Every structure is written in C-alpha cells, then in structure tokens.
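Q: Could you have a look at this structure, given as structure tokens, before my questions?
The values are calculated or read from the model by the stated rules, or taken from the named source; none is laboratory data. Worth saying up front: this structure is predicted, and the values here are computed from it rather than measured. Positions of Cβ are generated from backbone atoms using ideal geometry, with glycine treated the same way; all protein chains shown enter the neighbour counts. Each accessible area value is taken on the protein alone, full model and side chains, heavy atoms only, with ligands, DNA and RNA left out. Shrake-Rupley method; radii C 1.70, N 1.55, O 1.52, S 1.80 Å.
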Amino acid sequence: MKGEALNRLPSTGIFSFLDVHFAGLMTRLNHEDAPELGLAAALVSSTTRQGHICLDLRELGGKQLESDAEAFQCPNVTDWCRKLRASRVVGCPDEFKPLILDRESRLYLYRYWKYQEELAGAIRSRIAGPQAEAPKDILRDQLERLFPSTGEGAVDWQKVAAFAAVWNSFCVISGGPGTGKTTTVARILALLLEQTPADKLRIALTAPTGKAAARLQEAIKGAKETLQCPEWVRQAIPETASTIHRLLGAIRGSPYFRHNADNPLPVDVVVVDEASMVDLALMSKLLQALPRQARVILLGDKDQLASVEAGAVLGDICETGERAFFSRDFAEALQDICGCKLDNQLLFGAASKKPKDCIIQLQKSYRFTDESGIGQLSQAVRAGDADGAMAVVKSGTYQGISWHEIQSGSSLNKAVRDQIASGFSGYFQAVERLRRSPGGADSTAMQEVFDWFEQFRILCAVREGFTGVAALNSLVEHIFEEQHLLAGGQKWYVGRPILIGRNDYNLHLFNGDVGIFLPDIFSGTDFRVFFPGQEGKFRAFHPLRLPDHETVYAMTVHKSQGSEFTDVMFVLPDRDVPVLTRELVYTAITRAKEKVSLWGSERIFRTAISRSTTRMSGLSDVLWRSADRE
C-alpha cells in the first residue's frame, strides 16, 4: 500500500498513526504496491495493541470495516492469504520475517509468534517429561497426611491438584476466590520437599505485581503453619515472594532480563500466583529462563480478566477444546494412590493422544457457601446468566449483596456519598487516632491504618467520566474535607493513599504497591509515604522520590487484580463501553470477601454480563489441537 493507497488508511477510528506508519514500513520493505499487505499490517498492529496475539484473517475475510473516516472491504480469506504469502515480508512459521502467517490463517508480528512458540514448546516439553517416580506407598501416605480424607465421598480436587503437580513437571491450578489455591500449593511444596533433600530443592515464589507477591507471601506463611509435616519441611518452605520482573532480574531501560535461556535461574520449582495477569511475553520469558528439569506450578482464576498487555495466557492454556481433561493412566494412578475416582465423563477415550492431566480446576469454595450472595452472583456472571445475576442482586435474600440503580446520564446521588462516607469512616478514624497519638506514631498504630484501608475500596470500570476513577477519588476527598478530616487544597495530606503505577527497582517499589502518607514514626517530626515491608516493618519514602503514582480510594478493576477487600463498592459506567465484559464484572465482584454493592444501570449491567472477552491467539491451538494432529 504505497503513496495514495497508504494515505487512505485513517489515523482515527480503526487505525492509529502507529498502525499507518507500520503499514507503510511493511509496504516499503516489500518493494511493490500491495494494498492487501498494507491493510493486514495495519490491522495486525492495531489488534496487538488491543491485547490480541495475532490477527485471525478467517474472522475478517470478506467483511467491511468502518470508521468515522472511511470503510474498508477486506479481501476474501483465500485471496488475502495468497497475496500475503507472495510478499517479501510475510513468512511461514520458523522463517525470520517481520510477519508470520500460519496454516490456520493467523497473522502475527514475528516477536509474538516467537513468544507463543517458545512458551508452547516449554510447556509441552514439561508435559511430555517423566512422570512421578516416588514409591507408591510413600506417596500415598504423604498425600493422606497432607490431604486427610473428609469422609464426604466427593472428589478432593485439592488432593488431585497435588497429585497432578507431582505427576507432571507443569501444572495449572485454577479456581475462584476461596477455593484454597495457595493452601494447596503450600501442601504441594511440602510434598515435594519430603521427596527431595531440603538443600537440593530450590523453590521460587513469584507473582506479576508487588501486591500479588505480598499476598502470596502472607498466604504461604499462614498456610505452612498448619501443615502436617516434619518441622524441617515447614522451615524449608520459603516465605519470600517476588515479582516476576525482580526474579528474572530486570535490566533498566531494556525489555530483556539477566536470566534467560543462556543464563537460567537456579531453581527447581517455580510457583506463579495470579497467573491470569501475566502476559504472553513475560510468561514466555519466564519459562525460557528456567532449567529444563524445573517444575512450574501456575495458580490463578481462568475466569478473571486477562493481562493488560497482549495475551490471555492462563485462559488459553486452560482452553483445551475438550470437556474431558484426564487420561486413563492418570485416573488409574490417582485412584490407586489417592483413592479418588474420577467420573468416566472426565476421561479421554482410547483415541486421544495428548491428555491434559496437568490442568486442575478447584471446585469447592471455602469462602462462599451456597447461601452466599457473592458466591451465587459470581457463578451467574461467570456463566453469562444476566437474568440469574439480576435475580440474585434484587432478591434481597442474600447477605452481602446490594443493588443501587443509577440512571444513564444522572449524577451520583446522596446515597453514593453516604456509602463512601460509611465505607471509609473507620479508615479516617484510624488515621486521626495515629495523627493525634500523644506518644507519637508507632508500628502498631500504622498497621491499624493499613488494615482499615484494606476494609473498603471503590472499583470502577473506567478512569474518566463521573463514574470513573478520577472523579470518585476527588469525590472521596471532597466528602472528608466537608467533615474537616482533610485539609482542602493540599496534594499531600495525612492519610492520602497512593498506588504505584510503575516499577522502580532501585527503590524496590512495584506497580500495584499501596502506600499511605503518614507522620514519620522514625523521626516523629516529618511526614513520609509508608509501604508495608517484611516481617511487619514499614518502609518510608519522601513523596518526591516516588515513581508514577495516583490516589487510590477508587481504582480500576484491572488494577485491583491480586487484591482482596472486605467490602467492595463497584460503580458501573453510565454508558456502554468496550471494556465492560463478564470477566470484568466477575473480577470486581470476587475482590470482595464479605460485601459488595453494585451501582449502575440494569441495562448496562446486563450488557456487560452478556459479553465475553475474546483475545485472538494461537496458543491453545498450538498447545492442544496441533498436538492432537501429530
């Protein structure tokens, strides 16, 4: 697409300036006019920025794309692929060209195709690796001790997950909030340690954000105290978790890490929590940086929002294309060693060549009972059942759930302000007690402030507009200024909570970390932004030293991933926006441990639940269906 043809691509609507620039670059490298190439290049650039891994030409072939400026007719998929394969810049898989077109008519930027291939290869090599070598009698006794029978007769999916983690070198444990993912992995680590001398099993705990790493750390520390295992095993389970970037050794100003395939991490087991938040590039780099024999255990909720960057890795891995997951060999060994008998409907037939014994979905929620409104609502949302979801929120029979109608175009009313004032009242009272403490602030009083702040949070789908993060953060400050708990007009005031938005490896502050501006407990005469540290200690920073940050009474649902709050106020936008999907609603609801109040229009709520996030990717196909074709 040269000259006049290239100029016809609009830089608004469908394409940005970057998309048009990339299309022009590909056309110039091709050395001849090719409108089909220019359109495909602009589209693959655009879709990648939107979080997709590739452009599926089968979905677009023959369709008309419209923007405010102009409409484009896509070629039919057969002609389009033929023209692309004839160009100089489009290659087949394993060729080194800017664009890769696979046999399923998926077009990739080369680097994303490479990330996908490397990740799929790393996973498949571990799945195909040797199975459990521990003597059956010993493994049976260990599993029974760590996962004692409840006598209920139902399959103990936590025990199944533990067996799968021993059976395979790669394992995914997915489950909603309260299903015991971190409790299970603590027991798995104890199981692996008992089979290996403690000084020869190197374990790394990691998560995509600082907040998620801190929560994993706390959960493992609490879970290991209740383990039925020798003391030396309990002591050998690590209590420190890090971000993936920190584990890999981020190089400032570079997309590369110190640890990679040529300089692998010195680990034998890696546990990745909140895996749904990890994008394709980062997950690929992590697995490439692991020794071949290292075990990988991914923890997460496949129904949550996908990563902010390109890819939906956890969802793609769990989307095997089959209802059944387990091979008969796995099922027979599981019954023999664990006493767990799987339903025949969960087993592959004799013709299946590539079983997926590594993916376990935890079924039982220990947090939400059948009478729990949050549990019932999250199930309805996950299933895309808008009628069922509305029945739950409007029934008035479930504790912990409330619905508040906000008409489109209306302003937030007094009820919203009252909810906010009530939700944060305990927090501001704790801040006031600390500020007025005659003996000066201490760590106990500061911990109380942080504990109160985790009790309540406002979650938003969008950043802008009167139902967005910016407006609601300002509203909270205005409410408490009126109550004389804040000094009006000040950027930095006692009690201001902030959210770090960019990793700073020199300060060890990471995207997602929450700090609060408080009196300095060390000097007693100054103010600093405090962040929770190791072993109940706090770290203090002058505000001018902080990386990018923002006030955080309200936050986007995306930013809330990896966090939990006692009480959540979820404010829907006053109009439909593309980001509103059932995954976003599900993620918002399940951030609440006890109470969630929903504020919005029923029409918008129903629309969100009816729409599911779809990210174009070939990872699931490469992992499972391509393997079945071999």
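Q: Based on Cα coordinates alone, diagonalise the gyration tensor for the stretch 528-630, multiply each eigenvalue by 5, take square roots, and list the semi-axes in whole Å, largest first. Don't skip to the end; give the middle numbers.
A: Numbers: eigenvalues 220, 118, 40 Å².
For the stretch 528-630, the ellipsoid semi-axes come out as 33, 24, 14 Å.
Q: Now for a different question. Gain in length, residue 29 to residue 49, computed as 0.36 nm per residue apart minus the alpha-carbon separation, to one decimal in nm? List each step's numbers first, then the result.
A: Working: separation 20, 0.36 × 20 = 7.20 nm, distance 2.19 nm.
Gain on stretching residue 29 to residue 49: 5.0 nm.
Q: Additional query: With an 8 Å cut-off on Cα pairs and a minimum separation of 6 or more residues, tell me the relative contact order of the stretch 157-226 in percent.
A: Values: 37 pairs, mean separation 22.5, N = 70.
Once normalised by length, the contact order is 32 percent.
Q: Please compute the contact order of the chain in relative form: average sequence separation of alpha-carbon pairs under 8 Å and at least six residues apart, divided by the residue count, as a percent. It would help to have the intermediate numbers written out before the result.
A: Numbers: 1143 pairs, mean separation 85.0, N = 630.
So the answer I get is 13 percent.
Q: What is the set of long-range amide H partners of residue 242 at a cut-off below 5 Å, with H atoms built 1.01 Å from backbone N?
A: 205, 206, 207
Q: Rounded, prolate or oblate, given the Cα gyration tensor of the stretch 557-601, with a/c below 1.5 counting as rounded? Walk me through the numbers before you get to the answer.
A: Details: a/c = 2.50, a/b = 1.46, b/c = 1.71.
Judged from the Cα gyration tensor, the stretch 557-601 comes out oblate (a/c at least 1.5, b/c at or above a/b).
Q: Output the relative contact order of the stretch 276-343, whole-number percent, from Cα pairs under 8 angstrom with separation of 6+ residues. Mind showing how you got there, number by number?
A: On the way: 50 pairs, mean separation 24.5, N = 68.
Over the stretch 276-343, the number comes to 36 percent.
Q: Hey, what do the phi angles of the stretch 164-178 turn into as Karplus ³J(HN,Hα) couplings, whole Hz, using 6.51/-1.76/1.60 and θ = phi - 60°, x for Gly and Pro?
A: 5, 5, 7, 5, 10, 8, 9, 8, 10, 10, 10, x, x, x, x
Q: Under 5 Å between amide H atoms, partner at least 5 residues away or on a different chain: which partners does residue 504 have, H built in plane at 1.01 Å?
A: Under 5 Å from the amide H of residue 504: 509, 510, 511.
Q: While we're looking at this one, here's another question. Search the structure for amide H atoms under 5 Å from the amide H of residue 170, placed 1.01 Å from N in the peptide plane, and list their residues when 5 or more places away or on another chain.
A: Here 296 satisfy the definition.
Q: Rounded to the nearest percent, how much of the accessible area of the chain (1.4 Å probe, protein heavy atoms only) is carbon and sulfur?
A: Details: 13260 of 27590 Å².
Carbon and sulfur together cover 48 percent of it.
Q: Here's a follow-up. Find, among the trypsin sites (Lys or Arg not before Pro) in the stretch 258-298, those assigned to loop by DSSP (not H, G, I, E, B) with at most 12 other beta-carbon atoms within 10 angstrom.
A: Details: sites: 258, 285, 292, 295; in loops: 258, 292.
Sparse-neighbourhood loop trypsin sites (Lys or Arg not before Pro): 258, 292.
Q: Show me the trypsin sites (Lys or Arg not before Pro) within the stretch 67-117 that DSSP assigns to loop and that have at most 11 other Cβ atoms within 10 Å of their Cβ.
A: 103
Q: Let me spell out the model: positive unit charges on the Cβ of Lys and Arg, negative unit charges on the Cβ of Asp and Glu, origin at the Cα centre of the chain. What dipole size does that give, in debye rounded to 20?
A: On the way: 73 positive and 77 negative charges, 165 e Å.
In debye, rounded to 20, the chain gives about 800.
Q: Right, something else. Which ³J(HN,Hα) values, rounded to whole Hz and listed in residue order, are derived for the stretch 118-127 from phi using the Karplus coefficients 6.51, -1.76 and 1.60 in 6.51 cos²θ - 1.76 cosθ + 1.60 with θ = phi - 60°, glycine and proline given as x?
A: With the stated coefficients, the stretch 118-127 comes to 5, 5, 4, x, 5, 5, 5, 5, 6, 5 Hz.
Q: Related question: Taking the alpha-carbon distance from residue 491 and a cut-off under 14 Å, which aspartates and glutamates remain once sequence neighbours fewer than 8 residues away in the same chain are dropped?
A: Partners found: 477, 481, 550.
Q: Also, I was wondering about something else. Ranking request for peptides 72-80, 602-610: highest mean number of other beta-carbon atoms within 10 Å first, then the rest in descending order.
A: Packing order, densest peptide first, comes out as 602-610, 72-80.
Q: Kindly work out what percent of the DSSP beta bridges joining two residues of the chain are antiparallel, to the nearest 5. Mind showing how you got there, number by number?
A: Numbers: 24 of 65 bridges.
If I count the DSSP bridges inside the chain, around 35 percent turn out antiparallel.
Q: Next up: Return, for the Cα atoms of the chain, the radius of gyration and Dmax in Å, separated by a comma.
A: 25.9, 79
Q: Which three semi-axes in whole Å describe the equivalent ellipsoid of the stretch 374-436, each the square root of 5 times a Cα gyration tensor eigenvalue, listed largest first?
A: Details: eigenvalues 195, 58, 19 Å².
Semi-axes from the Cα gyration tensor: 31, 17, 10 Å.
Q: Ok, one more. How much area per residue is accessible in the chain when the probe is 1.4 Å and only protein heavy atoms are counted (Å²)? Kindly include the intermediate steps, with their values, before the conclusion.
A: Values: 27590 Å² over 630 residues.
That works out to 44 Å² per residue.
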